[in-house]
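This report refers to the structure that appears directly beneath it.
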Amino acid sequence: MATKTRASSEKKKGPGKGSKKKGPEIIRVPETTVEIVSDSGEGAQKCGQIFGAVCAKMGNGAWTVEIIPAEIQPPARSKAGGSGNRVRFGTEEITNWGDATNLVVAFNEQVLLGRIELGALAEDAIVLLDNKWATHADEDIQKEWQGGLKELAKHDYRIVEVPMEEECLKIVEDPRRGKNMFALGLLAWICDRDVDLIRAQIAHQFRRKGEEIYQRNVELMEAGYGWAEKNLDFRIEVPTIPSDVPKVVMNGNEAIGMGAIAAGMELCSMYPITPATSASHYLSEVYDKFGGVVHQAEDEIAAVGVAIGASYAGKVAYTITSGPGLSLKQEFLGLAVMLEVPLVVVDVQRGGPSTGLPTKVEQSDLLTACFGQHGDAPHVVLAPATMEECFHSMITARRIAEAFRTVVIVLTDANLATGVQPYPRPQLDARWQQAPVSLPPVDENVPPYDWDPQTGLSPQRYPGQPGGMYTATGLAHNAWSKVAYDPDSHQLGSQMRSRKIAVLQQTLKPPQVYGSDSGELLVVGWGSTKGAIEEAVDRAQAEGLSVSSCHLTFIQPLQPGLKEIFSRFDRVMTVEINYSDEPDDPYITDENRRRAQLAWVLRASTLVDVDCWSRVPGQPLRPGNILKAIRQRLEMGAKV
Amino acid sequence: MPSESDPRVEKALSALAGPIELYRSAVVTTVEEVRGYLATHRSEDEASDGGVAAGLGVFAAGRIDFERFANLTTSATLEGDPDTLGKVEKAYDILRGISSGGEDAFCVRVKPGGRLREAVADRLAEIGRGFAAARLAGMARAGSLNSKNEDKLLAPLGFERWNQAERRLAPPLVVELEGAGLHAGDLAEFLDGNIKIVLVVSGDVAPAPLVRLITPSTFVLQTAAGAGLERFAATEGPAVAALMPESAAQFIHDPAAGSSPAARLELISFPEQSPKNAVGGMSVRQQLDELEQLKTLAGGPSVDAEGEEGAAPAAGPVATKVDKLAAWLLSQADLSDAG
């Protein structure tokens, strides 16, 4: 690609370099959080994605979160319609989106006010705001602008009005198609980002658009860079630590897809659903290079049916969905459990119930993932906590599904799915791959469900094995797969299917405790909240509070030793992104209190009075809010 | 490019791309099946702690007790004895070697003075090693690999020892040879199953040597420019073709075209010149016999060669203009050096 040569030749000069006489103030920080926010369709997300990727590639720790309106095309200049990206980056590893934004580029004052109402901005945030609205032809908009500025003045923000529209019009006729690159240039100069890398990243983003589009976007980015250099009097410096460890940068959905490929799974059968769909987009782009295929079925039910069929035939398949899709698949998941067909189901959780909050994060599918099927359908549920774990969990999930002939549900969420984080490049191992189907003849005197009475495990048979033909059925059956309604057969089948999961539990190790092994409060979490919880625990410990945390990756079966771990703490509390009543809410008693979903599971399985603090804000939890909850619970002082 | 000199070899390989791909697919499938067998039977690897740890991946590290996992789940898998696994691994190596081979594997060159039969037999026997390896793996999978002599199975396996299933899977061969070495009878024993042999002939050659190979179920093609190769490649059953000089007879015998010889045989062109010299031990008389046989098959009743000394034996009345022309040509034949 010509980009690299071109970029290298221009790097020394730099856009607008040398035009400023007085040096800017350098704000040197170990980390900072940047937001780019615009109306939907103005490209702020793309700007943030490029900026986040460049930060990661420069060696910074990074964690990005997409700011996505609930509607596809919300009204312009509306507080609820803000779209963009939030990038937290630092010298060390970044594990969550943090508390508040330090620097924001906003394309209009209304989306900015929307972010402020959500408490997204730090009190001393720096705000770069497009000022085109001050002279807008529509007087109502001018009034809104004036009102917005008054509102902003109530805070301690450092506001810089930027003639983004005016500057972009020098380059493009429609600034809506380019302002994002101008904003990228602003951020590049302020945060001293590598312009070579930015050009390369722009080239990657617009790789299908041709040279002219690439050039125009680079020109806009350079214009933003030059304007900032000429007009701004501050820069933010976040040092990087060079590392020899090669890293990859991707979001959780891409990591899931890549992990599935690494695990040798060749069929992803799914139906598009937010926020899982981008996984299928990624897989569709790359699968043919690895001999796999994405099958887009006519609906969620058909998608899981196809996956079960492929697994039944010998190739462990998977389906990716989100909450509403998981609900639709439940009957077929029961079938897979009954048939003892290995299957991997990825549930990218979003807000619910019903269609709920399609683009927003939540952890409210835990119980339905564990217990959503009718009848007794024991299976496995696990939850990766990072983008890196999204990748690696698929390998483990397939292996467990195969070894235990069961369904493994992998619970991710919208935060993991759309956020980007750098992590060490996986060292691929051929043994991660599923072995090819072997079809040796089988002894006709051995039943198809040749359950080991101790473990419940039995070798899987595949269509085509000489002597191995049997009728697979979702009806209650005996070891010969013959329909059997007699009490003993159903009791035995249920026992064997349950026993397997208990056996898996026996192979698990107790979870690690983050922090001291004992103390006043143990915070228990699962999934994408790990980074925020551990950061909150760090801060609490720095305040002298006796707090530790424990993050669970196996939800069903639970890792062993939990009761013993809990016994070493005065109080145990889960922190989750699903709904729970607060103990002091009206009408709420200890008996009727709705608890967070993991808390319910833990209480049932350990008989420990596990407390919970949970929220459903439609966005990731902030470590600061978790810290407040920790303080509050400790102040309550109740003992387990 | 297997042949540096004759572009017709590339042409033949191109026409045979489909059968080659089918064969390769079969080999690759077998390789995968054997790999699957090994993966599920290597007790010291896959089912061991280390194998389990590797198979479960990084996510499981620190969360799963690999030793316990191996102990509890191994009972549901099959274990193979080391001796058997060793043999299967050898078979696996052979199959992998075959699957990764290039187009050279499908090309043979008969050295001047060499025998067509030996060249083809040797190459097919080498290909047969793959079938032998697959047989051994199959025996292992069936649990019947218990003799001490199975190693011999991994030696080259001559075509005469291929079973019907293997003959149906036979890959195509492109054979370069000089016309003097084209003794069609050398190929007769190999024309079974789904085998396809293309002869790329250079130099002097008899005008219709492949006529001797026409049987009801064998596709036989003589062509100069390659016409008919697509049909040849697509045919089910044994097939032989020769890319010949322009002067040779050109015809297609397609078993699928009809039930009678005349219906199956399409005579595209007939030599303008009668053979005048023996070629590679084939006398003019023999060559004329082949031409006569061709006409007979193509047209039913044969040429009336009355009063013509040395003419091919009559087999019936003249039926067509082509037959009349052929009869005249035969009458002009110089049989003085007939052997």
Q) Given A:LYS315/A:LYS509; A:LYS57/A:LYS360; A:LYS132/A:LYS179; A:LYS46/A:LYS209; B:LYS11/B:LYS196, which pairs have Cα atoms separated by over 18 Å? A) A:LYS315/A:LYS509; A:LYS57/A:LYS360
Q | Enclosed volume per residue, in Å³, of the convex hull spanned by Cα atoms of the protein assembly as shown | A | 230
Q. Using a basic spin-label model with each label point 7 Å from the Cα along Cα→Cβ, how many nm lie between A:SER494 and A:VAL245?
A. 4.8
Q) Does anyone have the angle between helix A:195-205 and the longest principal axis of chain A? Alpha-carbon axes, 0 to 90°, nearest 10? A) 50
**Q.** Two-site label geometry, A:GLN632 and A:GLU564: point separation in nm, points 7 Å out along Cα→Cβ
**A.** 3.4
(Q) Please compute the length gained on full extension between A:GLN512 and A:VAL293, using 0.36 nm multiplied by the number of residues separating them and subtracting their Cα-Cα distance. (A) 75.1 nm
Q | Carbon plus sulfur fraction of accessible area for the protein assembly as shown, probe 1.4 Å, in percent | A | 51
Q. With every protein chain present, what accessible area does A:SER280 have (1.4 Å probe, heavy atoms only), rounded to the nearest 10 Å²?
A. 10
Q: Be a star and scan region A:309-344 for residues whose amide nitrogen sits under 20 Å from the point 7 Å along the Cα-to-Cβ vector of A:MET469.
A: A:312-314
**Q.** Peptide A:452-465 - average C-beta neighbours from other chains (10 Å radius)
**A.** 2
Q. What is the helix-to-structure angle for A:277-286, meaning the angle in degrees between its Cα long axis and the longest Cα principal axis of chain A, kept from 0 to 90 and rounded to the nearest 10?
A. 90
Q: Any chance you could run the full-extension gain for A:HIS281 through A:ALA476? It's 0.36 nm times the residue separation minus the Cα-Cα distance, nm to one decimal.
A: 66.3 nm
Q) Taking square-rooted eigenvalues a ≥ b ≥ c of the alpha carbon gyration tensor, is region A:381-446 rounded, prolate or oblate, where a/c under 1.5 means rounded and, failing that, a/b exceeding b/c means prolate? A) oblate
Q) How large is the helix-only mean residue ellipticity at 222 nm for chain A, computed as the sum of -39500 (n - 2.57) over DSSP H runs with n ≥ 4, divided by its residue count, in deg cm²/dmol to the nearest 500? A) -12000 deg cm²/dmol
Q: Mind checking A:392-405 for the average number of partner chain beta-carbons within 10 Å of each residue's beta-carbon?
A: 5
Q | Probe 1.4 Å, all protein chains present, accessible-area order of B:ASP192, A:ASP443, B:ASP204, largest first | A | B:ASP204, A:ASP443, B:ASP192
Q) Can you pull the accessible area of A:TYR287 for me, 1.4 Å probe, Å² to the nearest 10? A) 10
Q) If you count the DSSP beta bridges with both ends in region A:248-426, what percent of them are antiparallel, to the nearest 5? A) 20
Q: With a 1.4 Å probe on protein heavy atoms only, work out how much accessible surface A and B bury together, total over both chains, in Å² to the nearest 100.
A: 2800
Q. Say R0 is 51 Å: what FRET efficiency, to the nearest 0.05, do A:ASP233 and A:ILE72 get from their beta-carbon distance?
A. 0.80
Q. Once you average over the residues of A:494-503, how many Cβ atoms of partner chains fall within 10 Å of each Cβ?
A. 1
Q.
Using a 1.4 angstrom probe on the protein heavy atoms only, could you order A:PHE107, B:PHE66 from most to least accessible area?
A. B:PHE66, A:PHE107
Q) How far is it, in nm, from the label point at A:GLN505 to the one at B:ALA165 when both lie 7 Å from their Cα along the line to the Cβ? A) 4.6
Q. Rounded to the nearest 5, what % of the DSSP beta bridges within the protein assembly as shown are antiparallel ones?
A. 35
Q | Virtual paramagnetic centre 7 Å along Cα→Cβ of A:ASP585, amide N under 14 Å, in region A:610-635 | A | A:612-617
Q) Going by a ≥ b ≥ c, the root eigenvalues of the Cα gyration tensor, does region A:438-507 fall in the rounded group (a/c under 1.5), the prolate group (a/b larger than b/c) or the oblate group? A) oblate
Q: Using 0.36 nm per residue of separation minus the Cα-Cα distance, give me the extension gain between A:ASP174 and A:THR91 in nm, one decimal.
A: 26.2 nm
Q: Could you tell me the accessible area of A:VAL249 in Å² (1.4 Å probe, neighbours in place), rounded to the nearest ten?
A: 50
(Q) As a test, work out the antiparallel percent of DSSP beta bridges whose residues both lie in region A:513-636, rounded to the nearest 5. (A) 10
(Q) With every protein chain kept in place and ligands, DNA and RNA left out, what is the accessible area per residue of chain A? Probe 1.4 Å, answer in Å². (A) 40
Q.
Rounded, prolate or oblate for region A:248-426? Axes are the square roots of the Cα gyration tensor eigenvalues, ordered a ≥ b ≥ c, and the cut-off for rounded is a/c under 1.5.
A. rounded
Q: Quick one: order A:MET258, A:MET181 from most to least accessible surface, probe 1.4 Å.
A: A:MET258, A:MET181
Q: Would you mind checking the tilt of helix A:300-313 against the longest principal axis of the Cα atoms of chain A, expressed as 0 to 90 degrees and rounded to 10?
A: 50
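The values are calculated or read from the model by the stated rules, or taken from the named source; none is laboratory data. Not measured: the values here are computed from a predicted model. We place every Cβ from the backbone using ideal geometry, glycine too, and count neighbours over all the protein chains shown. These accessible areas exclude ligands, DNA and RNA; they are computed on the full protein's heavy atoms, side chains included. Shrake-Rupley method; radii C 1.70, N 1.55, O 1.52, S 1.80 Å.
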